[in-house]
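*Asks:* Sharing a structure, written as structure tokens. Questions coming.
The values are calculated or read from the model by the stated rules, or taken from the named source; none is laboratory data. Remember, it's a predicted structure, so these values are computed and weren't measured experimentally. As a convention, Cβ positions derive from the backbone with ideal geometry for all residues, glycine included, and neighbour counts pool all protein chains shown. Surface accessibility is based on the protein's heavy atoms, side chains included, excluding ligands, DNA and RNA. Shrake-Rupley method; radii C 1.70, N 1.55, O 1.52, S 1.80 Å.
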Amino acid sequence: KQWYQRRVAITAGDQSPLWCTSSEHGSVSSLIEKLNSEGRTITLSCQIMISELCTAFGLDSSHHIDLCNGAGSCTGGSSSNTCDMESIDDGDSMLSCSEDDMMSDTNLLSDDDANLDSEEKADLESMKPEQFASLEKIKMTLRKDQEQGLAYGSVQATDRIMKELREIYKSDSYKSGVYSVQINNDNLYKWDVFLKKVDSDSPLMEDIKKLAPNPEHIHLGIDFGDCFPFEPPFVRIIGPHIGGGYVMRGGAICMELLTRQGWSSAYSIESLILQISATLVKGKARISFNHKGTPYTFERAMCSFNALVESHQAKGWVTPPKEEG
């Protein structure tokens, strides 16, 4: 049984829609590319799609084309922006697509939950709708970039980062507000992490509370490379300025875990975030409220990090006593 989900953004009845598909079937992908390149109206596009898909899968297209001509529920006039289309199956279900589905993140999947695979259903049940919609939006962006030859990163890195983000959305620490995550400008390889809670008895937690009315968090930047998870991501403090806590000039963090020598592909990003939180507290980090110096930058952090890596390669890393954690 094959299901094909289509979404279309329609601005007016006489304008051409933008079609996309979650199917990886060659015939479907080729057809979607053809429809988008020809720029035909919604009604004509539906007729062409139904005809060619029915031909490809050995089905009679006459009845379905009649539906698209007005006998059924598909409308393409300017008074309506909704088009209900039959799935290419044995005719026992209908899929709906609307402009609202495309434009609203929280309604990205509309009523198509029946078409989700088991993993997607588990995700939908274990995370908030807006988080699930965020994952779907990222998937669509990646697919579009691939179709246009604009894909970045690597397959292995992209798959793992998506898995890490999915697990974070499900985690208790994330749900309880210990930290939050944002994808930087829809770039899956660049994360903004906002550390909101550390050890409640630590001076650093008291400093975080004093940041109000400004956002009460420590802003981390995580940059993934093509070789992730076999190489660690680059993590730095973006703000506010931190004194102590193993935070270096520019915002780099002195942790063996963040180096190739100390990293393991088995580590999760959530465990990394929580370890950084513990390291800041252990290093007696404090927020420098009156800092007037140069702000943290990616370039300064990278330069500082490379220098400390070279230093530790020559001198080694000091393993603290067990009683110190």
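*Asks:* Summing Lys, Arg as +1 and Asp, Glu as -1, what charge do residues with Cβ under 14 Å from the Cβ of Asp145 carry, Asp145 excluded?
*Replies:* Combined, the nearby Lys, Arg, Asp and Glu give +2.
*Asks:* In addition: For His241, enumerate residues with amide H under 5 Å from its amide H, sequence gap 5+ or separate chain, H modeled in the peptide plane.
*Replies:* Residues meeting the amide H criterion: Ser288.
*Asks:* Just the accessible area for Lys175, please: 1.4 Å probe, Å², rounded to the nearest 10?
*Replies:* Solvent-accessible area, nearest 10 Å²: 120 Å².
*Asks:* Express the Stokes-Einstein translational diffusion coefficient of region 151-264 in µm² s⁻¹, to the nearest whole number, given a Kirkwood radius over alpha-carbon pairs, 37 °C and a viscosity of 0.692 mPa s.
*Replies:* For these conditions, the coefficient is 214 µm²/s.
*Asks:* For region 186-306, with the dipole built from +1 on Lys and Arg beta-carbon atoms and -1 on Asp and Glu ones, taken about the Cα centre, which of Ile273, His241, Leu220 lies farthest toward the positive end?
*Replies:* Projecting each Cα onto the dipole axis, the largest value belongs to His241.
*Asks:* So, for region 176-325, what is the accessible surface per residue at a probe of 1.4 Å, expressed in square angstrom?
*Replies:* Heavy-atom accessible area per residue stands at 53 Å².
*Asks:* Hey, rough spin-label estimate for Ser265 and Phe57, points 7 angstrom out along Cα→Cβ, what's it come to in nanometres?
*Replies:* 3.7
*Asks:* What FRET efficiency would be calculated for the residue pair His219, Asp172, taking the C-beta separation as r and a Förster radius of 22 Å, to the nearest 0.05?
*Replies:* 0.50
*Asks:* Another question, then. If one computes the Cα centroid of region 157-224 and of region 241-317, what distance in Å separates the two points?
*Replies:* That distance is 16 Å.
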